[in-house]
Amino acid sequence: MKQCRVLYVARTARGGSAFSLYYLIKGLDRTRYEPVVLFYTQERPLIGDKLAILGVKVITLEKQHRVSSSALAEPVERRDIGGWLEARFGRWTCQVYVFLKACYQFVRWEASRVWPIVHTIRQNEINLVHLNTGLCHGTPGIIASWLTGTPCVCHVRMFDELSHFDRVFARFVDSFVYISRAVAENYITQGIPSAKGTVVHNAVDSTEFSIDFDKVSVRQEFGCTAQECLVGVVSRLDWWKGHEYFLEAVAEALQQIPNLKGLIIGEPETTPQNQEYFRMLQSLTKSLGLEDKVIFTGFRSDVPRLMSALDVVVLSSSAPEPFGRAVIEGMAAGKPVVATAAGGVLEIIEDGVNGLLVPCKDSSALAQAILLLLSDQGKAAQVGSVARQFVVKKFSLERHVAEVQSVYDSVMGVAKLPSAI
């Protein structure tokens, strides 16, 4: 088989989607696929540097991330305009308004990216474009693929709300890859044909979480002794990640376990909404009297090392998670995980077997689950052990890459090779 050159188009080099892309590229069969990565912006060089170490060509279009007017506007205001038009002039008027607004936003914020992607495809003799952006933010790459006659795969990592504008461009995508069944159902219910997509769960490189880290040094870094209990959330500080419920749960659990400390590992997003969210979390920490009990670590590149020192890993999202990368990372580290029972998490955790599930926005239930694991070391160890075995088997990097490459083969019309899995 002739080597296929794949262009991976990503909005940013930050967050779980960027790490997932890195692991996919890391595991590619380089005798069959040669990756080239194009970021709209990197913001942080970590993923770009890691890709460079792998010998991957990395292209960055912009020095700074663009924040569109739609990102700055309040969601309620957008809905009110559409509702006002629909109430007075009918549903079709609202749909026309939404479509024209999407066209305007594309021309203002996205259209200028089309030609650089076209240029990259031609200059690098790309055979396949893989959008790491989902459909809503993938329009420049879709148009560039269409203009150059290059097959296009769209990797969907969020619960996107598709407009008619988005669905127009969906027809130019050859195949969709969904990170969970929950995400796939979201697209299918919005009119994307089910036959056009494949569910490929995210993966974790379990070897990164198998290292014998110095847990004592991690705890010393945060002023935590070996006798203290340490729980943590690993997530960017985004408004729907539910860190406020984690803080409330820690405050409640402290009433029974006074030697408890918490880590919030991650940095706030740059949008005004999430900067305000970060300030709210800091204020809540103070009002709950947790200044000496909860530490905001900021961005960390050594997540496996930090996880090794945690007694419990928590995912406290207040809205359904598309997948839950932090969940499988905690499980790969052999830690008991407590997560909110919604979205893709339900495809990972079997409650009471390889983790514990709690309702979204229920800090008391979260506190009780944390207390259960901290007070029963045998139960915690058993859950963590089962969790690691489960992740190594079901969410291995090898399986993930094989399934994505199978999508590539289908799109490119290549006969599937026998799988080693």
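Odds and ends about this structure:
- Of all residues in region 202-238, those being within 15 Å of Thr340 (Cβ to Cβ) and part of a loop (DSSP other than H, G, I, E, B) number 2.
- Meets criteria (over 30 Å from Asp376 (Cα atoms), of a type in the set (S, T, N, Q) and in a helix (DSSP H, G or I)) for Gln190: no
- Just one of (1) farther than 21 Å from Val411 by Cβ; (2) buried (at least 21 other Cβ atoms within 10 Å of the Cβ); (3) hydroxyl-bearing (Ser, Thr, Tyr) fails for Ser112. It is (2).
- Residue match in region 18-40 (condition: crowded, with 16+ Cβ neighbours inside 10 Å, at pLDDT below 75 and either at positive phi or aromatic (Phe, Trp, Tyr) (or both)): no
- Considering region 136-190, the residues that are of a type in the set (Lys, Arg) and either buried (at least 20 other Cβ atoms within 10 Å of the Cβ) or in contact with a strand residue (DSSP E or B) (Cβ under 6 Å, 6 or more places away or on another chain) (or both) include one that is nearest to Ala203 (Cα to Cα), namely Arg157.
- Residue that is surrounded by the fewest Cβ atoms within 10 Å (Cβ to Cβ) [pool: residues in region 203-217 that are in contact with a helix residue (DSSP H, G or I) (Cβ under 6 Å, 6 or more places away or on another chain) and among the hydrophobic types (A, V, I, L, M, F, W, C)]: Phe213
- Any hit, region 55-68, residues being loosely packed, with under 14 Cβ neighbours inside 10 Å and at pLDDT 95 or above: yes
The values are calculated or read from the model by the stated rules, or taken from the named source; none is laboratory data. Nothing here was measured: the structure is a model prediction, and the numbers come from that model. Every residue, glycine as well, gets a Cβ built from its backbone with ideal geometry; the counts of neighbours run over all protein chains shown.
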